[in-house]
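Asker: Here's a structure for you.
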Amino acid sequence: MSRPPRRPRTRTLVVVGVCIAVLAGLAVGVNTLRWKGSVTLLANWSGANEQNLRDSVIEPFEDKYRIHVVYQGSSAESQVLAADVESGTPPDVVVMPGPGELADYASQGRLKSLDGLVGTKDFGPTWMPAVRGAKSTGDHTYWVPVAADLKSMVWHRGDLPKARLAAVAAEPASWCLGMGNGATSGWPGTDWLEDILLQQAGPDAYQRFANGDFSWKGDDIERAWQTWGKLVGAGTPRAAKALMTDYDKASQDVGQSTSGCGLEHQASFVRHFPSWTKAEGAYVASSEVIPGARQQNTWEISGDLAAMLTNTPQARKLIRYMASAEVQQRWNTTKSGFSANRKVLRTAYAGDSTAETIARTLSDPTATQCWDASDAMPSQMRDAFSDSAQRYLATGELDAELHDLGQVKAGLKGQWPQFAVCGSG
């Protein structure tokens, strides 16, 4: 006799379903307890730099505030930011390597003012200038530096007497040259040209250069190009080789043979490059070796700047956190970098004489500091400037480059950010 068909185990299935629902609810509840909102952050750090950011900033911030940081790192940061802003989905916080694009976004009313959010007393006025925002909002502070570098430096082997520097600098073969850096190749050349202009013509001329009030065929500008060309041998095969050399590989032959280079015009971040460590690298102010330099204690600077695009409690907390001396000290000293925060600069570099000297310069109220001018220019001008520097290095032909740069500039009327590029430390 056959058994009747087995009935579905409805009661069991119901119980299992209820358990799953309860567990899902618990998971949501636990997640809600863990996070008190989130904040999106866009920057250009990847690899080891991203890991340092996570270890020094993101994870401690999440642990302290229980605010989840959604980080996006992109080497095409400018393009990503422009697309996100255009689509109406900007990141809450962005970190940009320079003020130009941020000033442009401020003028469009895209950035949120940091007035009253971050105290300016811990940063020199050059680092947090008043910037013209949208027409109805006037001048405000729109960014805070989270990392800093000193430029206007010429590095040399530790065994090279300073008395010989000028003579060695006059030989093009002495210079370590590398223009390569992927999509941003050429910036070491613009650094050179800007610094020469600053040291020869002074901060006022440099300010006009950064704000667009100049002619590419002006005497000061042309002299800076010619000075650079003579120093590094523009138009020679050796100079052209620099176009195929990455900037971080330029000094790898320092002191290795009689044919190796011995000088490099580069920012403070190279002090821990293996080649310069091995050569016991030291530096002098670039004004000591640039022909025709008339300035003293006048420096080009650069830095990474944090700005806020959406005004949320989570974004405000992250901006304050990144600006704090405690975080900047942990973050920047870990990666052998520098902070623009005066509290950090006064305390964090004891025992490292080179770092102490750089820190004193970055916080020196008697020093004149000027932002990297190309970082303050409209992006089209910055890119054209970089391309021209590379072509001039390869060919030594200047007139055509200056003419083409003038054409680009003519199409950018009214698009130049207006803020104080130069100021005290």
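FYI, it's all coordinate maths here, none of it is from the lab. All values reported here derive from a predicted model rather than from experimental measurement. With ideal geometry, Cβ positions are generated from the backbone for all residues, glycine too; neighbour counts draw on all protein chains shown.
Asker: Where in the chain are the helices, taken as whole DSSP H runs, whose Cα atoms extend 18 angstrom or more along the long axis and whose Kyte-Doolittle mean reaches at least 1.6?
Answerer: 10-34
Asker: Now for a separate question. Show me, for the range 70-75, the HN-Hα J-couplings you get by feeding each phi into the Karplus relation (A = 6.51, B = -1.76, C = 1.60, θ = phi - 60°), rounded to Hz, glycine and proline as x.
Answerer: Karplus-based 3J(HN,Hα) across the range 70-75 equals 9, 9, 10, x, 9, 6 Hz.
Asker: Can you give the longest run of the chain that contains no GluC sites (Glu not before Pro) sitting in a DSSP loop with at most 16 other Cβ atoms inside 10 Å?
Answerer: 1-279
Asker: Loop-only check: which trypsin sites (Lys or Arg not before Pro) in the range 38-123 are DSSP coil with at most 16 other Cβ within 10 angstrom?
Answerer: Sparse-neighbourhood loop trypsin sites (Lys or Arg not before Pro): 66.
Asker: Another one. Within 10 Å of each candidate Cβ there may be at most 16 other Cβ atoms; applying that plus a DSSP loop requirement, which trypsin sites (Lys or Arg not before Pro) in the range 385-425 survive? Numbers along the way, then the final one.
Answerer: Details: sites: 391, 409, 413; in loops: 413.
Loop-located and lightly packed - 413.
Asker: If you place +1 on the Cβ of every Lys and Arg and -1 on the Cβ of every Asp and Glu, how big does the dipole about the Cα centre of the range 99-169 come out, in debye to the nearest 20? Let's see the in-between values first.
Answerer: On the way: 9 positive and 7 negative charges, 40 e Å.
That gives the range 99-169 a dipole magnitude of about 200 debye.
Asker: Rounded if a/c is under 1.5, else prolate if a/b beats b/c, else oblate: with a ≥ b ≥ c from the C-alpha gyration tensor eigenvalues square-rooted, which is the range 158-252?
Answerer: Because a/c hits 1.5 or more and a/b fails to exceed b/c, the range 158-252 counts as oblate.
Asker: Go ahead and run the numbers for FRET between residue 115 and residue 248, Cβ-Cβ distance against an R0 of 25 Å, rounding to 0.05.
Answerer: 0.05
Asker: May I pose another question? Please tell me which of these pairs span more than 22 angstrom C-alpha to C-alpha: 36/343; 64/317; 151/249; 36/317; 121/317; 317/343?
Answerer: Long pairs (Cα-Cα over 22 Å): 36/343.
Asker: Within the chain, what percent of beta bridges assigned by DSSP are antiparallel, to the nearest 5?
Answerer: Beta bridges within the chain, antiparallel portion: roughly 65 percent.
Asker: Karplus couplings for the range 121-129 from phi (6.51 cos²θ - 1.76 cosθ + 1.60, θ = phi - 60°), rounded to Hz, Gly and Pro as x?
Answerer: 5, 8, 10, x, x, 5, 6, 10, x
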